Amino acid sequence: MRELHERLRRTARERSGRNTEPSAGVIDSQSVDASETVAEDSRGYDGGKSRDGRKRHVLTDTEGLLLEVTVTTADVHDSKAAPSLLETYLDQPGRLLKLVWVDSAYQGPALAKAFARHGVRVEVVRRLDGQRGFVVLARRWVVERTLSWLSRSRRLDASTTTPRWCGGPP
């Protein structure tokens with residue numbers, strides 16, 4: 001499955017006139033509720049989002065195409081999951097990633113060490129002082145759009161107990 005995804009991603013990048021391997025990316029995460037059928041040991045509580053479930057950590061290219069995904073319990077902080085996400089992606093041969101945009105949650109020594117080990121520069125994209133509510137942030141909107149696409153995929157909705165494709169409610 002990974003090989004198929006890689007081929008499709010490379011083809012899409014090539015068709016848009018880009019190098020098949022990205023040199024820049026964006027990292028973010030999304031907490032999602034889990035249904036009661038999800039085992040307790042594979043879910044946690046994200047107090048910041050008031051979610052009892054899991055968290056998707058994603059690395060995308062600058063067009064929003066998925067490069068790597070890691071799923072953890074919702075109580076795992078972004079800065080703790082990101083080193084593994086980054087290592088998994090960069091340990092594969094031929095990777096050219098040199099710059100990653102993140103939000104302010106992606107800071108700390110373990111993450112800085114992971115970025116430095118691979119020669120990847122990290123830029124934190126912050127809101128302007130006084131900004132409230134939804135604001136489109138440069139570079140970060142791309143990964144937010146990808147997370148939105150994932151949320152719209154019914155098969156990935158951890159809150160439903162009977163997926164639609166199994167005859168459950170629409």
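Brief remarks on what is shown
- Summed over the residues of the stretch 1-111 and divided among them, the accessible surface reaches 50 Å² per residue at a probe radius of 1.4 Å.
- Ordering of 115-121, 51-57, 74-80 by burial proxy (mean other Cβ atoms within 10 Å per residue, highest first): 51-57, 74-80, 115-121
- Amide N proximity, the stretch 55-87 versus TRP149 label position 7 Å along Cα-to-Cβ, cut-off under 19 Å: 56-71
- Across the stretch 4-20, computed HN-Hα scalar couplings (Karplus, 6.51 cos²θ - 1.76 cosθ + 1.60, θ = phi - 60°) run 5, 4, 4, 5, 5, 4, 4, 5, 4, 5, 4, 5, 8, x, 10, 4, 5 Hz from first to last residue, x flagging Gly and Pro.
- Taken along the Cα-to-beta-carbon direction at a fixed 7 Å, the label points for HIS77 and ALA112 span 1.4 nm.
- Note on the stretch 53-97: Rg/Rh from C-alpha atoms, Kirkwood Rh, equals 0.99.
- Net charge over other residues, Cβ less than 9 angstrom from the Cβ of THR72 (K, R count +1; D, E count -1): +3
- DSSP-defined beta bridges in the stretch 1-119 - what % are antiparallel, rounded to 5: 85 percent
The values are calculated or read from the model by the stated rules, or taken from the named source; none is laboratory data. What you see is a predicted model; the values in this text were computed from it and never measured. Reconstructed Cβ throughout: ideal geometry from the backbone, glycine too, with neighbour counts over all protein chains shown. Only protein heavy atoms, including side chains, enter the accessible area calculation; ligands, DNA and RNA are left aside. Shrake-Rupley method; radii C 1.70, N 1.55, O 1.52, S 1.80 Å.
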